[in-house]
Amino acid sequence: MIASELINPVIPTLSPDEKIQKALGWMEDLRLNELPVVENRIYAGLLRHDHNMEDSPAESVVRNFPLVDKKCFVFENQHFYDVIKIATDFHVHAVPVLDLENNYSGIITIEDTITAFAQTAAVQSQGAILVLSIKQIDYSLAEISRLVESDGGKILGSSVNNDSGDPSKIKLTLKINKTDLSRIIATLERFGYIIVASFQETELISNDKERLDILMRYLDI
């Protein structure tokens with residue numbers, strides 16, 4: 001799924017001359033901490049909620065306040081994983097979208113992105129989750145896939161993240177189409193792989209929110 005398919009049509013844009021109190025009202029109504037500032041379809045940045053705004057004079061306008069870096073955006077043809085990365089990099093809850101001519105197209109909230117993620121086959125398909133700690137120099141998804149398939153499993157989805165505790169290692173999160181991972185875990189450990197965590201289907205199906213929370217935690221989002 002790409003960014004253009006996730007644009008939220010409800011979220012308005014702010015002009016640089018918009019009154020700051022109006023911007024704060026919209027943020028409260030929409031339960032957002034940021035709103036896009038746009039002038040003549042040109043994206044200027046995100047206005048982030050600040051407590052100083054609440055005490056500002058009634059005539060204060062958006063241009064009187066600093067904006068989040070203008071580089072905080074994705075293009076409309078980028079994958080929704082890129083939306084998550086940008087949101088994480090800039091610590092925002094909404095990411096603007098530009099068309100291929102650099103004009104503002106709309107904005108995507110993190111909630112919209114998580115919903116899209118929840119609809120992917122890797123989440124919806126029956127199976128379980130496995131988290132491995134691997135030295136970067138030893139990482140080979142092809143080799144790991146071969147070992148998983150040797151025990152009758154298939155990798156439905158994968159994600160790689162840096163290990164915050166050891167820069168020489170990565171954390172690999174796998175969604176596998178098996179509800180019982182005991183044989184696969186034994187095989188991986190036999191070949192020297194370190195298993196950080198595993199989540200069986202019985203743990204994952206209790207409710208969708210818990211399942212997403214587990215995934216988000218291990219994706220460091």
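The values are calculated or read from the model by the stated rules, or taken from the named source; none is laboratory data. Predicted model only: the values in this text are computed from it and were never measured. Backbone-built Cβ (ideal geometry, glycine too); neighbour counts: all protein chains shown.
I'd like the residue in region 124-182 that is assigned to a helix (DSSP H, G or I) and of a type in the set (Ser, Thr, Tyr) and, out of all such residues, is surrounded by the most Cβ atoms within 10 Å (Cβ to Cβ). Filtering first and then ranking leaves SER145. Looking at this structure, is ASP89 under 26 Å from SER159 (Cβ atoms), assigned to a helix (DSSP H, G or I), of a type in the set (D, E, K, R) and touching a residue at least 24 places away in the same chain (Cβ under 8 Å)? Answer is no for this residue. Among residues of region 168-183 that are of a type in the set (S, T, N, Q), those with a Cβ under 6 angstrom from a residue that is crowded, with 16+ Cβ neighbours inside 10 Å, sequence gap 6+ or separate chain, pair up as THR173/VAL131; THR173/SER159; THR173/TYR218; ASN177/GLY127; ASN177/LEU156; THR179/ALA128. Taken over region 162-199, residues that are within 21 Å of the chain's Cα centre (by Cα), basic (Lys, Arg) and farther than 24 Å from ASP89 by Cβ amount to 1.
Scanning region 21-37 for residues that are in a helix (DSSP H, G or I) and either touching a residue at least 24 places away in the same chain (Cβ under 8 Å) or on the phi > 0 side of the Ramachandran plot (or both) yields GLN21, ALA23, LEU24. Scanning region 20-40 for residues that are modelled with pLDDT of 95 or more and over 21 Å from the mean Cα position of the chain (by Cα) yields VAL37, VAL38.
Sub-7 Å Cβ pairs linking a first residue in region 111-131 that is modelled with pLDDT of 75 or more to a second residue that is part of a strand (DSSP E or B) and of a type in the set (Ser, Thr, Tyr), at least 6 apart or interchain, are ALA128/SER198; ILE129/THR173; ILE129/SER198; LEU130/SER198; VAL131/THR173, ordered by first then second residue.
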